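This report refers to the structure that appears directly beneath it.
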Amino acid sequence: MVGLKEELLKSIWHAFTALDLDRSGKVLSHNLCTVLNVPHDPVALEEHFRDDDEGPVSNQGYMPYLNKFILEKVQGNFDKVEFNRMCWTLCAKKNLSKSPLLISDEDAFKVWVIFNFLSEDKYPLIIVPEEIEYLLKKLTEAMGAGWQQEQFDHYKIALNTSREGLSAWELIDLIGSGQFSKGMDRQTVSMAINEVFNELILDVLKQGYMLKKGHKRKNWTERWFVLKPNIISYYVSEDLKDKKGDIILDGNCCVEALPDKDGKKCLFLIKCLDKSFEISASDKKKKQEWIQAIQTTVNLLRAGSPPPHKEARQKRKELRQKLLAEQEELERQMKELQTANENKQKELETVRKQLEAAAARAAEEEKKRLQTQVELQDRFSLELEREKMVRQKMEEQVAQKSSELEQYLQRVRELEEMYKQLQEALEDEKQARQDEETVRKLQARLLEEESAKRAELEKWHLQQQQTIQMTEAEKQELENQRMIKERALQVAMQQLEQLELERKEALEQYEEVKKKLETAANNTKSWKDKVAHHEGLIRLIEPGSKNPHLITNWGPAAFTEAELEQRQKSWKGKKATSE
């Protein structure tokens, strides 16, 4: 109801400002009650308009009466066009331009109503350039002409330099002058105004001729359909004089396309809760446009949203309010910056004066400083001489310490080099010991193999003696076996000889390793003497003592006495077994 009240107030404001309320206020109030279907209250009316000096017949006094006794009782069951026409009648004669216009009075009335719809919610009412551009674009589109943006920009610049917007009568003059409809005849302009009026004021979302199928006779009749946000009305013709029915729309309605039948094409069906309506459009394009328009209307009803043009107007207003708030905020910030700048200027002036005073004090202090400087110069000259002498002594001490440090570093480098060489000698000795251990293990393995071969040879010898004692009948067979064993013995002897050669080679390798070990021991002893000569900074790591080697029939071998006794017992046991 708040939005309805604002719309009513705009039209009433035009009539209110055009009348002399001392004589015609009663007429306006009576007419408002009549067109708005509000019950008359003669007592309140006479009380309000009593003829005395304190009667509230002023802008401030009439509005309380209007709100309390008229607007608050409005229910919405009135004809908006008749209401606007009544207000137009009261204000048009006084305000409408006398110069000839390219539009009729009826078109001027429709432009006036459109102005009330698009104007700002503040008084006196004006329409801002953004809404003027929106209206002119709608009219140009309805006339099928091209929009001249550059022409409007020039007009907008000229308008902004003089005022914020246009009044209703200035807007009528602008459209009636034909400035933005050049080349269009009066009828085209009138049809465009009527189309925009139907859309913005009468909430006509779409209209046109279509065929409708009857519910009783099932015959097809041409009707003029008018789609509004919650209803589709159909008439005999487009003059809207003879209404034939309504299709009430709500969120439960739906629309769907139908296949061609009964010789009718471009069919679609509107389903409501109580009944359905079959309709045939003139072509496929019209059919699709109507289906889309009806479906959009149903979707808006389901969402509880206002018609698109009202929602767009609200968004434009909110955008302007936001821009205005931002502009006011910017102006506030500019004022704050200006105030801050003025304060800064004052502070700078104060600082400048302080600097001048400080400069005067600094000049006085500079004179004192120069006097003190002369005195200090003499004192510093003496101290400088003393510092030079001290520095020379310090330089001599530093040179001596540097020489000692260099000698010490040279000595450390020599010791590091000796340490590296000693490390290399120890590595050579370690490698020699590893080689000696390898040769010793090889000799032990060869001795074990030699012992095994001798035991095998003794066993074969015993078998030969037993074979000689056998009977003559077995002699031939034994002779053959003996030949085989002799050949095996020859092979074993060859292997023994080969082992002997390998043992000699191992002995030679042992001698070489022994020589290397002796050489490493000599080197170690030599480095030990050198290290002892250099104040014993490095402690030499010496190899441990070794047990004396035992000598066997085949040369020296690294066996302990316990190992040799164990091996002798093993050989004797094998010999006793073979006998």
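Do the conditions hold for SER97, that is, is it surrounded by fewer than 15 Cβ atoms within 10 Å (Cβ to Cβ), in a loop (DSSP other than H, G, I, E, B) and modelled with pLDDT under 90? Yes; evaluated as a whole, the condition is true for this residue. Would you be able to say whether some residue in the range 422-440 is touching a Ser or Thr at 6+ places or on another chain (Cβ under 9 Å), farther than 30 Å from TRP571 by Cβ and of a type in the set (D, E, K, R)? Checking the range 422-440: at least one residue is touching a Ser or Thr at 6+ places or on another chain (Cβ under 9 Å), farther than 30 Å from TRP571 by Cβ and of a type in the set (D, E, K, R).
Summed over the range 436-449, residues that are surrounded by 17 or more Cβ atoms within 10 Å (Cβ to Cβ) and modelled with pLDDT under 85 total 4. The set of residues in the range 244-257 being open to solvent by less than 30 Å² (accessible area, probe 1.4 Å), touching a residue at least 24 places away in the same chain (Cβ under 8 Å) and part of a strand (DSSP E or B) consists of ILE247, VAL255. Among residues of the range 109-122 being over 19 Å from ASN194 (Cβ atoms) and in contact with a Lys or Arg (Cβ under 9 Å, 6 or more places away or on another chain), the one that is most open to solvent (accessible area, probe 1.4 Å) is ASP121. Does LYS216 qualify as being exposed (fewer than 15 other Cβ atoms within 10 Å of the Cβ) and either under 19 Å from VAL111 (Cβ atoms) or at pLDDT 90 or above (or both)? It is false that LYS216 is exposed (fewer than 15 other Cβ atoms within 10 Å of the Cβ) and either under 19 Å from VAL111 (Cβ atoms) or at pLDDT 90 or above (or both). Scanning the range 219-238 for residues that are touching a residue at least 40 places away in the same chain (Cβ under 8 Å) and outside any strand (DSSP E or B), we see that the one that is most open to solvent (accessible area, probe 1.4 Å) is ASN230. For the range 404-421, the count of residues that are under 30 Å from THR524 (Cα atoms), out of contact with any Ser or Thr (no Cβ under 7 Å at 6 or more places or on another chain), of a type in the set (Ser, Thr, Tyr) and modelled with pLDDT under 90 is nonzero. Considering the range 37-69, and only residues there that are modelled with pLDDT of 60 or more and in a loop (DSSP other than H, G, I, E, B), the residue that is nearest to ASP79 (Cα to Cα) turns out to be ASN37. Summed over the range 258-288, the residues that are touching a residue at least 24 places away in the same chain (Cβ under 8 Å), under 19 Å from GLN207 (Cα atoms) and either open to solvent by less than 60 Å² (accessible area, probe 1.4 Å) or among the aromatic types (Phe, Trp, Tyr) (or both) give a count of 7.
Out of THR89, THR188, which single residue is open to solvent by 70 Å² or more (accessible area, probe 1.4 Å), polar (S, T, N, Q) and assigned to a helix (DSSP H, G or I)? Exactly one residue qualifies, and that residue is THR89.
Apart from one condition, ALA521 fits all of (1) modelled with pLDDT of 80 or more; (2) open to solvent by less than 70 Å² (accessible area, probe 1.4 Å); (3) within 21 Å of ARG440 (Cα to Cα); the exception is (1).
Any idea which of MET184, MET210 is on the phi < 0 side of the Ramachandran plot and modelled with pLDDT under 90? So that I can check it myself, show each step before the final result.
Values: MET210 fails: modelled with pLDDT under 90.
The match here is MET184.
Given LYS241, LYS315, LYS286, which one is of a type outside the set (Ser, Thr, Tyr), closer than 30 Å to ASP121 by Cα and not in a strand (DSSP E or B)?
LYS315
The one condition from (1) under 30 Å from GLY214 (Cβ atoms); (2) hydrophobic (A, V, I, L, M, F, W, C); (3) not in a strand (DSSP E or B) that PHE268 does not meet is (3). Can you pull out the residues in the range 20-36 that are aliphatic (A, V, I, L, M) and at pLDDT 60 or above? Selection gives VAL27, LEU28, LEU32, VAL35, LEU36.
For the range 123-157, residues that are of a type in the set (S, T, N, Q) and either crowded, with 17+ Cβ neighbours inside 10 Å or not in a helix (DSSP H, G or I) (or both) total 2.
Listed here are the residues, each with its yes/no results for (1) in contact with a His (Cβ under 6 Å, 6 or more places away or on another chain); (2) open to solvent by 60 Å² or more (accessible area, probe 1.4 Å); (3) modelled with pLDDT of 85 or more.
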residue: ALA452; (1), (2), (3): no, no, yes
residue: LEU457; (1), (2), (3): no, no, yes
residue: GLN463; (1), (2), (3): no, no, no
residue: GLN466; (1), (2), (3): no, yes, no
residue: GLN469; (1), (2), (3): no, yes, no
residue: GLU472; (1), (2), (3): no, yes, no
residue: LYS475; (1), (2), (3): no, yes, no
residue: ILE484; (1), (2), (3): no, yes, yes
residue: ALA492; (1), (2), (3): no, no, no
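Restricting TRP112, TRP88 to those that are in contact (Cβ under 8 Å) with a residue 40 or more places away in the chain and in contact with a Cys (Cβ under 9 Å, 6 or more places away or on another chain) reduces the list to TRP112. The set of residues from the range 180-193 being more than 50 Å from the chain's Cα centre (by Cα) and in contact (Cβ under 8 Å) with a residue 12 or more places away in the chain comprises GLY183, MET184, ARG186, THR188, VAL189, SER190, MET191.
The values are calculated or read from the model by the stated rules, or taken from the named source; none is laboratory data. These numbers were taken from a predicted model, which means no experiment stands behind them. Positions of Cβ are generated from backbone atoms using ideal geometry, with glycine treated the same way; all protein chains shown enter the neighbour counts. Ligands, DNA and RNA are excluded from the accessible area calculation, which covers all protein heavy atoms including side chains. Shrake-Rupley method; radii C 1.70, N 1.55, O 1.52, S 1.80 Å.
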